[in-house]
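Read through the structure below, which is laid out as C-alpha cells, and then see the notes.
The values are calculated or read from the model by the stated rules, or taken from the named source; none is laboratory data. Everything numeric in this text was worked out from a predicted model, so none of it was measured. Cβ atoms come from the backbone with ideal geometry, glycine included; neighbour counts cover every protein chain shown.
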Amino acid sequence: MNLRQWAQDSPTLAALSVGLAAALLLEGALLVQLGKVRALAVRHQPRLVEMERIAGKVQALRGPAGSGGLKFLAPNSRFNAEAVDRVAREQKVVERIASTSVKVEKHTDQTREQVVSLSMKGVATTQLVNFLRAVEALDPAVRTRLLVITLNSEKSSMLDAKAEISAYESAAAPTE
C-alpha cells in the first residue's frame, strides 16, 4: 500500500497526520524565534539596567512621593521655551535639542500649566541630568513632568530623551 492509497482509505487519519506535521514545523519555527528573542533580551539587559539606574537617580532628585503640594510660578518668573533654551546654551546641550514645542493647558481648577516639550538626541547621561536640574532650578514650581530615555541608536553610550517640563501658573497670572 502506498501513501496515496492509504490517504484514500483513511482520509481523516491522513488529514490529522498532515496537521500534526504542520504543527511540528510551526513549533520548530517558534522555537527558533524564541531563541532569537532570548538572545536579544540578553543583549539589551545591560541597557535596561542602566535606564533603571538613571530612573532611580531622577526619582531620588525629585524627593519622596507626595512631598509638598502644588506650587505656582512666582509672579516675576519667566518660565518659557526661551528660558529653557537659555539653560540649554549655558549647559552646552543646545546642539543636542532636536525639537521644542510649547503649550498651555488649562485645568478645571482654573490653573494653567505651561508645558515645554523637547527631544534631545545623543546626549550624555550627566549632561541630561545637569540640564534638567538647571531647568528645574529656574523656579521652585518648575518640574520635569515626563522623561522618556532611550539609548542612542548610533552610539550606545549616549541617550536620546523626550521631556516635558512644566510649571503651574495661578489663574490670575498673565499668559505669554
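For the reader, a short list of remarks on this structure follows.
- Test: residue in the range 127-137 that is modelled with pLDDT of 90 or more, surrounded by 15 or more Cβ atoms within 10 Å (Cβ to Cβ) and touching a helix residue (DSSP H, G or I) at 6+ places or on another chain (Cβ under 6 Å): yes
- Across the range 38-54, a minimum of one residue is classified as surrounded by fewer than 12 Cβ atoms within 10 Å (Cβ to Cβ), over 22 Å from the mean Cα position of the chain (by Cα), at pLDDT 90 or above and assigned to a helix (DSSP H, G or I).
- Search result, residues across the range 68-110 that are hydroxyl-bearing (Ser, Thr, Tyr), in contact with a helix residue (DSSP H, G or I) (Cβ under 8 Å, 6 or more places away or on another chain) and in contact (Cβ under 8 Å) with a residue 60 or more places away in the chain: none
- Yes/no for Ala7 being more than 30 Å from Leu159 (Cα to Cα), surrounded by 10 or more Cβ atoms within 10 Å (Cβ to Cβ) and at pLDDT below 85: yes
- Filter result for Val32 (out of contact with any strand residue (DSSP E or B) (no Cβ under 7 Å at 6 or more places or on another chain) and of a type in the set (Val, Ile, Thr)): yes
- Residue in the range 135-156 that is outside the structural domain of Val49 (by TED's automatic domain parsing) and in a helix (DSSP H, G or I) present: yes
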